[in-house]
Each structure stands twice: as C-alpha cells, then as structure tokens.
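Structure first, then comments.
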Amino acid sequence: MVKHLPNMLSALRLGAAPLAAWAILQGHDAAALLVFALASFSDLLDGFIARRWGVVSRFGTWLDPAADKLLMLLCFLALLKMGAAPFWLVALVIARDALIVGGVLLARGLSLPVREAPLLLGKSSTFVQVGYVGAWLVLLSLGLESPRLMDAFAAAVAIFAILSGLAYGQLFLRALFFGQRTA
C-alpha cells in the first residue's frame, strides 16, 4: 500500500486542481483555501513518503510535477480572472513553466545529457508561488485586503520565476552547446 501512496496523493492533487480553481471562481473562498491547503500538504506528504520508504517510481516522477503545475496554473488563472493576480505575473509564471517543459522535451528529443530533477531554485520558486496563492486565499476568506503584502509577494514570485528560469535555461544551454552533463 505504501508503495502506491505517493502516486495516489499526486493523483488526488491533480483532481483537486480544477476543484480549487472552481471554488475560487465561484467565490467559495474558504473552500478554495481548504482544497488548496490540502493539495499543497499532499505535495509535501507524497515527497516525504517517496523518499522515506524509497518508493519512487518513474510514473511518480512525472505525475508529481504535473499535478503541481496544474494546481498552480489553474489557481493563478482563477485569481487572474477574478482580478486578484496581475496579468504580467500570471504570464511570467506560465512562460517560465512552458519554457522549462519545452526545454526538457527538446533535450529528450535531442538526447542531451540534461538532468530532469528539479533544482533548489525551482523548488523555491514553487514554494513562493504556493505562498502567493495561499496568501490570496487567506485574504479572500477573511474578506481582507493587503495590497502592499500582495505586491511584495508578486515581486518575490517574479524574481524567483526569473532566476529559476535562467538557471534551468543555463543548464539546457550548457548541455546543448558543450555537451556537459547537468546532473
């Protein structure tokens, strides 16, 4: 049972993504916060279980980041639609993820020696994005506004997105032009 638990948690997070976005769009702020918090916690839990008991699978290494990306994508788009998140920030987050996924697919197609494990900077970027969405959902749930806090959060999301995008891009270019293993 433990062997399949990380993938089951990732699959639940994949299903929670549209539910969280729907709750945001419908104004069910407390429900959106609860779904988002549980989905975010499931990400920590599935990673812990996979590492602790050594139940990492090839499918799981694909499913986990796919669930994370879908959760963040749909929540950012929902926050954009309701006027909470600025367009430029959502576009930046989506562009970063698209470039990373495109780079990985291109590297595979060209048989480049690119490591597909996330960088610490990439994980940090995701962490800041989760904090940004979570902060919005807390504020919405409580009927509060904090423009300065959310502007600072948006700046942090942008900085981490740019830095992590550049770090992944540098790895890709090193592999492409110099054939260097990026592991």
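Hey, any hits in the stretch 104-111 for a residue that's over 24 Å from LEU44 (Cβ atoms) and surrounded by 13 or more Cβ atoms within 10 Å (Cβ to Cβ)? Looking for residues that are over 24 Å from LEU44 (Cβ atoms) and surrounded by 13 or more Cβ atoms within 10 Å (Cβ to Cβ), one finds at least one in the stretch 104-111, hence yes. Take the conditions more than 15 Å from CYS75 (Cα to Cα), surrounded by 16 or more Cβ atoms within 10 Å (Cβ to Cβ) and touching a residue at least 40 places away in the same chain (Cβ under 8 Å) and apply them to ALA158. Does it pass? It is true that ALA158 is more than 15 Å from CYS75 (Cα to Cα), surrounded by 16 or more Cβ atoms within 10 Å (Cβ to Cβ) and touching a residue at least 40 places away in the same chain (Cβ under 8 Å). Can you spot a residue in the stretch 55-75 that is out of contact with any Asp or Glu (no Cβ under 8 Å at 6 or more places or on another chain) and of a type in the set (Val, Ile, Thr)? Yes. Considering the stretch 28-57, and only residues there that are in contact (Cβ under 8 Å) with a residue 40 or more places away in the chain and in a loop (DSSP other than H, G, I, E, B), the residue that is surrounded by the most Cβ atoms within 10 Å (Cβ to Cβ) turns out to be VAL55. Here PRO113 meets each of (1) within 18 Å of the chain's Cα centre (by Cα); (2) touching a residue at least 12 places away in the same chain (Cβ under 8 Å); (3) farther than 30 Å from GLU145 by Cα with one exception, condition (1). Filtered by the rule that a residue be at pLDDT 90 or above and small (Gly, Ala, Ser), the stretch 110-142 gives GLY122, SER124, SER125, GLY131, GLY134, ALA135, SER141. Here LEU89 passes the criteria (1) buried (at least 22 other Cβ atoms within 10 Å of the Cβ); (2) under 21 Å from LEU140 (Cβ atoms) except the one numbered (1). Taken over the stretch 161-183, the criterion of being of a type outside the set (D, E, K, R) and free of Cβ contacts under 8 Å to residues at least 40 places away in the same chain is satisfied by LEU166, GLN170, LEU173, PHE177, PHE178.
The values are calculated or read from the model by the stated rules, or taken from the named source; none is laboratory data. Remember, predicted model here, so these are calculated numbers, not experimental data. Neighbour counts are summed over all protein chains in view; Cβ atoms, including those assigned to glycine, are modelled from backbone coordinates with ideal geometry.
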